[in-house]
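> Structure provided below as structure tokens; questions to follow.
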Amino acid sequence: MTEPTPASVAVVGSSDGPDAGPHAHPARTAAERKAALDAIAAEVRTCRLCPLAAGRTLAVPGEGDADTEVVFVGEGPGYNEDRQGRPFVGRAGELLVRMLATLGWRREEVFITNVVKCRPPDNRDPEPAEIAACAPYLHRQLEILDPALVVTLGRHSMGRFMPGARIGAAHGTMAAMEPATGARDALVYALYHPAAALRSTEVERQSYADVAGIPAALLEARQRRDLARSTPRSEPAARQSPEAPDAPDASQLPEASEPPTLF
Ligand code: URA
Ligand code: SF4
């Protein structure tokens with residue numbers, strides 16, 4: 001294995017054929033995942049399920065690589081996003097892109113979306129009822145993408161996936177994703193919101209340090225997911241390479257494939 005990239009999703013499901021088991025992608029191929037994401041985006045663009053519909057210019061469903069293993073979740077569209085219908089295209093988005101660049105990643109290689117898909121008036125916080133109304137879209141996006149790692153941007157997004165956590169303590173840390181979020185066998189990793197980093201050089205400095213922890217979080221997330229998905233298998237040898245004797249015992253898996261030189 002080499003430096004982790006966000007788009008090497010061939011771990012399970014997408015290309016493993018019909019025996020990939022109960023944890024396979026609901027939509028198996030990259031083309032099927034893209035079509036499913038496009039269908040959600042079309043629904044979002046005409047959605048009127050909550051009061052935010054009234055104030056939006058364009059809804060912002062999210063965008064990125066349907067094959068990615070890493071999903072970034074912000075809070076909600078701001079002024080520029082509302083005008084363009086795309087996530088993180090203003091100053092906060094530019095900072096996010098600079099941060100991704102420190103990992104050698106481009107925004108097209110990950111998937112970027114928000115907790116609410118329409119801009120709250122005057123950039124106020126989304127109301128709980130608005131978040132609840134919009135939640136099925138994010139849930140379905142996560143189900144389709146089936147990421148290894150979900151990176152939350154800011155405390156409102158973090159609050160969806162790390163209930164009770166405080167951003168001042170949780171930034172730069174990870175936790176197991178609740179499967180009910182749609183992302184099964186995934187880890188969540190918390191970042192400050194890039195808009196907060198624009199307001200404070202200390203938060204910005206800390207954010208770059210937290211971003212530097214993402215590759216390690218991705219490796220751990222992959223390892224954890226491989227472990228979860230390789231354990232109870234009714235046809236153990238079906239997906240092994242020819243020379244592999246049997247499905248490995250779960251206890252043998254951790255560390256096995258980790259090179260020491262990634263960082
Ligand atoms: N802030 C967010 O939370 N999301 C965006 O898409 C842009 C800014
Ligand atoms: Fe629909 Fe979500 Fe927009 Fe509300 S915020 S109108 S639920 S897409």
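The values are calculated or read from the model by the stated rules, or taken from the named source; none is laboratory data. The structure displayed is predicted, hence computed values, not measured ones. So basically every Cβ, Gly included, is an ideal-geometry build from the backbone, and we count neighbours across all protein chains shown.
> Confirm whether GLU204 is charged (D, E, K, R), within 30 Å of GLY78 (Cα to Cα) and modelled with pLDDT of 95 or more.
Answer is yes for this residue.
> For the stretch 83-98, enumerate the residues that are surrounded by fewer than 24 Cβ atoms within 10 Å (Cβ to Cβ) and in a helix (DSSP H, G or I).
ARG83, GLN84, ARG91, ALA92, GLY93, GLU94, LEU95, VAL97, ARG98
> Which of the strands (runs of 3 or more DSSP E) contained wholly in the stretch 137-206 include at least 1 residues that are within 20 Å of ARG33 (Cα to Cα)?
Passing ranges, in order: 149-153.
> Need the failing condition index for ALA195 against (1) touching a residue at least 12 places away in the same chain (Cβ under 8 Å); (2) surrounded by fewer than 20 Cβ atoms within 10 Å (Cβ to Cβ), just the number.
(2)
> Checking TRP105 against (1) closer than 24 Å to THR181 by Cα; (2) away from ligand 1 (no atom under 12 Å from the Cβ), which test does it fail?
With respect to (1) closer than 24 Å to THR181 by Cα; (2) away from ligand 1 (no atom under 12 Å from the Cβ), TRP105 is out only on (1).
> Tell me, which residue of the stretch 63-82 that is acidic (Asp, Glu), surrounded by 24 or more Cβ atoms within 10 Å (Cβ to Cβ) and part of a loop (DSSP other than H, G, I, E, B) is farthest from ligand 2 (Cβ to nearest atom)?
GLU69
> For the list (1) among the aromatic types (Phe, Trp, Tyr); (2) in contact with a Leu (Cβ under 8 Å, 6 or more places away or on another chain); (3) within 10 Å of ligand 1 (Cβ to nearest atom), I need the number of the one condition that PHE111 fails.
(3)
> Within the bounds of the stretch 88-106, is there any residue that is in contact with a strand residue (DSSP E or B) (Cβ under 9 Å, 6 or more places away or on another chain) and not hydrophobic (A, V, I, L, M, F, W, C)?
Looking for residues that are in contact with a strand residue (DSSP E or B) (Cβ under 9 Å, 6 or more places away or on another chain) and not hydrophobic (A, V, I, L, M, F, W, C), one finds at least one in the stretch 88-106, hence yes.
> Go through the stretch 111-160 and give me each residue that's among the acidic types (Asp, Glu) and either over 23 Å from TYR192 (Cβ atoms) or touching an Asp or Glu at 6+ places or on another chain (Cβ under 8 Å) (or both).
ASP125, GLU143, ASP146 - these are the residues of the stretch 111-160 that are among the acidic types (Asp, Glu) and either over 23 Å from TYR192 (Cβ atoms) or touching an Asp or Glu at 6+ places or on another chain (Cβ under 8 Å) (or both).
> Now for a different question. Scan the stretch 25-48 and give yes if some residue there is exposed (fewer than 15 other Cβ atoms within 10 Å of the Cβ), in contact with an Asp or Glu (Cβ under 9 Å, 6 or more places away or on another chain), modelled with pLDDT under 65 and part of a loop (DSSP other than H, G, I, E, B), otherwise no.
Yes, because at least one residue in the stretch 25-48 is exposed (fewer than 15 other Cβ atoms within 10 Å of the Cβ), in contact with an Asp or Glu (Cβ under 9 Å, 6 or more places away or on another chain), modelled with pLDDT under 65 and part of a loop (DSSP other than H, G, I, E, B).
> If you check every pair at least six apart or on different chains, which have Cβ atoms under 6 Å apart with a residue in the stretch 53-65 that is under 9 Å from GLY85 (Cβ atoms) and away from ligand 1 (no atom under 13 Å from the Cβ) first and a residue that is of a type in the set (D, E, K, R) and part of a helix (DSSP H, G or I) second?
THR57/ASP82; THR57/ARG83
> Of the residues that sit in the stretch 105-130 and are surrounded by fewer than 13 Cβ atoms within 10 Å (Cβ to Cβ) and free of Cβ contacts under 8 Å to residues at least 12 places away in the same chain, which one is farthest from VAL150 (Cα to Cα)?
Ranking the qualifying residues of the stretch 105-130, first place goes to ASP122.
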